[in-house]
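Below is one structure, written out as structure tokens; the observations come after it.
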Amino acid sequence: MRILAAGDHFVGPDLLEQALHAELDGAEVSGLRLPWPVEPFGPVGGVEEASGTEQQVIEALDGATVSVTQMAPFTERVFESNPQLRLVAVGRGGPVNVDLGAATRAGVAVTYAPGRNAAAAAEYAVGMMLAAMRRIPASDSELKQGRWRGDLYAYPDAGIELDGTTVGLVGYGAIGRIVARVLRAFGATVLVADPFADPADVRDDGVEPVELDDLLTRSSVVSLHARLTPETKHLINADKLALMPHGAVLVNTARGGLLDYAPLPDALHSGRLGALAVDVYDTEPPPADWPLHEAPNVVATPHLAGATRQTAHRAAGIVAAEVGRFARGEPLAHVANPDVLDRQS
Ligand SMILES: NC(=O)C1=CN([C@@H]2O[C@H](COP(=O)(O)OP(=O)(O)OC[C@H]3O[C@@H](n4cnc5c(N)ncnc54)[C@H](O)[C@@H]3O)[C@@H](O)[C@H]2O)C=CC1
Ligand SMILES: O=C(O)C(=O)COP(=O)(O)O
């Protein structure tokens, strides 16, 4: 079986290859390294989450029946140009770089790796929340500039605790669930808005399922954990921000497109938003004259929430395990287009 390991800077072709060799004896693996920094290609399935070009993938596939990848674009043209392809195993929480309709028409099974970075992203989200609520990065730079205990030591400008605070999570998938568990351990009251989560399951976790507007009205801290789709674009806009209590904290470690960034500078300057913590942006990287660089109480990091060493190994292990199942004719664990399996059997 010929396999293309189309890796990138984070989960490289070498890591994918090692995992494949550990899983399968005698696999013939070729590597493709996708560009870094990311060169966006897309949209593939409504969102721009692929990197590299389809031509690169078409040429690199070169007769492979299986490909493992993180970000390579698998488009209609890629499938048409490589009719021998049978499996694309994507090491991401969603196979957003694959045109699923085209894969299904071409008879290619697509698998993915739900939760592979959930612990990493959840821990980071809670870290960002605490950083914003207690303004840890600002205090760090003040101290390094020779300032000892500024406004943050003065009532009422001091930060707030998670203990006893109501935190609203928008999205209750792999990451939202871990964030909820951690927040409850801190003593927070957790509300969740997720139209696809079973309210009974949410309640079983000690969390209250609510509608989005209710969540925004009641939460002192709101953290976004939904996936970006055409339906969730600008889920949080100026009207939704206006529902939040004065001084509320907003955290976005999910996707820039979930949040309309345009009204945020005014919301921060007026104090309507008490603090903002963001790891993701409407344009990545944000421009040098990004208005939020000048706004008060913003903690901003360069899209790092999911990036831990464990995540990279887990992604490679999950895709290699899928390829192993495929090679042995066993059922695949996480198929995004199950209809195609009937046609393959
Ligand atoms: N900053 C980073 O480095 C990372 C960001 N992410 C992002 O974090 C987000 C969450 O990832 P996962 O938990 O793995 O995704 P997931 O697919 O497990 O969960 C997403 C949840 O969003 C819910 N959802 C869909 N429409 C919704 C709506 N209108 N309102 C509220 N919820 C809605 C779904 O029902 C699902 O439960 C995604 O946007 C993902 O791209 C993930 C990992 C790293
Ligand atoms: O945002 C990131 O960096 C991600 O890794 C996104 O993760 P996912 O595509 O959900 O596996």
Exercise for review: Mind pulling the angle between the C-alpha long axis of helix 13-23 and the longest principal axis of the chain? Nearest 10 degrees, somewhere in 0 to 90.
Suggested key: 60
Exercise for review: Provide, as a two-decimal number, the C-alpha radius of gyration of region 115-253 over 2.2 N^0.38 Å, N being how many residues it has.
Suggested key: 1.10
Review point. Per 10 Å bin from zero, what fraction in whole % of the C-alpha pairs of region 181-266 is there, up to the bin with the longest pair?
Key: 16, 50, 30, 4
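Starting from the Kirkwood radius over alpha-carbon pairs of the chain, derive D by Stokes-Einstein at 25 °C in a medium of 0.890 mPa s and give it in µm² s⁻¹.
Details: Rh = 21.5 Å.
Answer from the Stokes-Einstein relation: 114 µm²/s.
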Exercise for review: Take the Cα atoms of region 78-174, find their three principal axes, and give me the spread along each one in whole Å, biggest first.
Suggested key: 67, 32, 17
Exercise for review: Identify the GluC sites (Glu not before Pro) of region 86-189 meeting these criteria: DSSP loop state and at most 13 other C-beta atoms within 10 Å of the C-beta.
Suggested key: 161
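Divide the volume of the convex hull of the Cα atoms of region 1-103 by its number of residues and quote the answer in cubic angstrom per residue. Before the final figure, lay out the partial values.
Values: hull volume 8.8 nm³, N = 103.
Roughly 86 Å³ of hull volume per residue.
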Point to revise | Per-peptide average of other Cβ atoms within 10 Å, ordering 179-186, 108-115 highest first | key: 108-115, 179-186
Practice item. Could you work out the per residue convex hull volume over the alpha carbons of region 101-144, in cubic angstrom? Key: 115
Practice item. May I ask for the angle, rounded to the nearest 10°, between helix 309-328 and the longest principal axis of the chain, with both axes built from Cα atoms and the value confined to 0 to 90°? Key: 30
Point to revise | Magnitude of the charge dipole, region 118-300, Cβ model with Lys/Arg +1 and Asp/Glu -1, debye to 20 | key: 420
Review point. Over region 118-300, what relative contact order in percent results from Cα pairs under 8 Å that are six or more residues apart?
Key: 20
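For a protection proxy built on the mean count of beta-carbon atoms within 10 angstrom, sort 278-290, 255-267 highest first, please.
On the way: 278-290: 14.9, 255-267: 19.5.
Packing order, densest peptide first, comes out as 255-267, 278-290.
So what's region 190-345 giving for Rg/Rh, alpha carbon basis, Kirkwood Rh from the mean inverse pair distance? Each step should come with its number before you reach the end.
Details: Rg = 19.6 Å, Rh = 18.3 Å.
Rounded to two decimals, Rg/Rh equals 1.07.
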Practice item. Take the Cα atoms of region 276-345, find their three principal axes, and give me the spread along each one in whole Å, biggest first. Key: 58, 27, 18
Check your understanding: Once the piece of chain linking residue 328 and residue 33 is laid out straight, how much longer is it, given 0.36 nm per residue of separation minus the C-alpha distance between them?
Key -> 103.5 nm
Check your understanding: Residues of region 240-268 with amide nitrogen under 18 Å from the 7 Å Cα-to-Cβ point of residue 308?
Key -> 253-254
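Over the chain, what is the relative contact order in whole percent, taking alpha-carbon pairs under 8 Å and six or more residues apart? Could you put the intermediate results ahead of the total?
Working: 707 pairs, mean separation 61.2, N = 345.
Normalised by residue count, the contact order of the chain is 18 percent.
Treat every Asp and Glu Cβ in region 297-345 as -1 and every Lys and Arg Cβ as +1, leave all other atoms uncharged, and give the resulting dipole magnitude about the Cα centre to the nearest 20 debye. Before the final figure, lay out each step's value.
Values: 5 positive and 4 negative charges, 45 e Å.
Roughly 220 debye for region 297-345.
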Check your understanding: Helix 118-134 sits at what angle to the longest principal axis of the chain, using alpha carbons and giving 0 to 90 degrees rounded to 10?
Key -> 20
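Read-outs throughout are calculated quantities, based only on the coordinates presented, and are distinct from any laboratory measurement. This structure is a prediction, so every number in the text was calculated from the model and none was measured. Positions of Cβ are generated from backbone atoms using ideal geometry, with glycine treated the same way; all protein chains shown enter the neighbour counts.
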